[in-house]
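Student: This structure is in structure tokens; I'll ask about it shortly.
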Amino acid sequence: MKLVTAVIKPIRLESVCAALEKAGFTGMTTTEVQGRGVQGGRTEYYRGQEYSVNFRTKIRLELLVPDAKVDSALGAILDAARTGPDGEIGDGKVWVASLEQIIRVRTGETGEAAI
């Protein structure tokens with residue numbers, strides 16, 4: 001089993017969730033996070049005052065995926081998170097980590113049965 005984690009633009013969350021549901025993935029967790037990457041910070045203006053914004057708001061999406069379905073989950077996320085035909089800086093990142101054990105608290109089920 002794998003933990004798939006994606007950091008995406010907030011405006012792409014609904015599209016990514018819809019693509020994952022269409023691909024058969026219904027359980028996921030989201031968190032609002034802040035981060036920066038290649039694009040770095042930016043300068044904004046508020047009431048005539050210039051200020052620097054070093055971190056951008058992003059959404060961190062996590063889902064547990066059986067090994068056999070990882071490619072399907074990644075394809076759904078990548079297609080839905082990309083802005084424009086070639087993508088843009090700031091579209092996000094996705095990574096996959098192996099899991100040793102999963103346990104459903106309510107029933108005690110383990111492994112893929114707990115997903």
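Student: What is the local net charge at Ile77, summed over the other residues whose Cβ is closer than 15 Å to its Cβ (Lys, Arg +1; Asp, Glu -1)?
Tutor: Working: positive: Lys2, Lys9, Arg12, Lys22, Lys58, Arg60, Lys69, Arg82, Lys93; negative: Glu14, Glu21, Glu62, Asp71, Asp79, Asp91.
Here the charged neighbours net out to +3.
Student: Share of the chain's accessible area from carbon and sulfur, percent, 1.4 Å?
Tutor: On the way: 3690 of 7660 Å².
Of all accessible area on the chain, carbon and sulfur atoms account for 48 percent.
Student: For a quick check of your reading of the filter: which trypsin sites (Lys or Arg not before Pro) in the range 4-75 sit in a DSSP loop and have no more than 10 other Cβ atoms within 10 Å? Don't jump to the answer; show the numbers that get you there.
Tutor: Values: sites: Arg12, Lys22, Arg36, Arg42, Arg47, Arg56, Lys58, Arg60, Lys69; in loops: Arg36, Arg47.
In loop regions of the range 4-75 (DSSP not H, G, I, E or B), the sparsely surrounded trypsin sites (Lys or Arg not before Pro) are Arg47.
Student: Simple spin-label model, 7 Å along Cα-to-Cβ: Val70 to Trp95 in nm?
Tutor: Reported label-point gap for Val70 and Trp95 is 1.4 nm.
Student: In square angstrom, what is the accessible area per residue of the chain with a 1.4 angstrom probe? Walk me through the numbers before you get to the answer.
Tutor: Numbers: 7660 Å² over 115 residues.
The answer is 67 Å² per residue.
Student: What list of ³J(HN,Hα) values in whole Hz, one per residue of the range 37-45 in order, does the Karplus curve 6.51 cos²θ - 1.76 cosθ + 1.60 (θ = phi - 60°) give from phi, with Gly and Pro shown as x?
Tutor: x, 4, 6, x, x, 8, 9, 10, 10
Student: Using helices alone, what [θ] at 222 nm do you get for the chain, with -39,500 (n - 2.57) per DSSP H run of 4 or more residues, divided over all residues and rounded to the nearest 500? Show your work: numbers first, answer last.
Tutor: Values: 2 runs with 22 residues, N = 115.
Calculated mean residue ellipticity at 222 nm is -6000 deg cm²/dmol.
The values are calculated or read from the model by the stated rules, or taken from the named source; none is laboratory data. It should be emphasised that the depicted structure is a prediction, and the values quoted were computed from it without experimental measurement. Cβ atoms come from the backbone with ideal geometry, glycine included; neighbour counts cover every protein chain shown. Note: areas computed on protein heavy atoms with side chains; ligands, DNA, RNA excluded. Shrake-Rupley method; radii C 1.70, N 1.55, O 1.52, S 1.80 Å.
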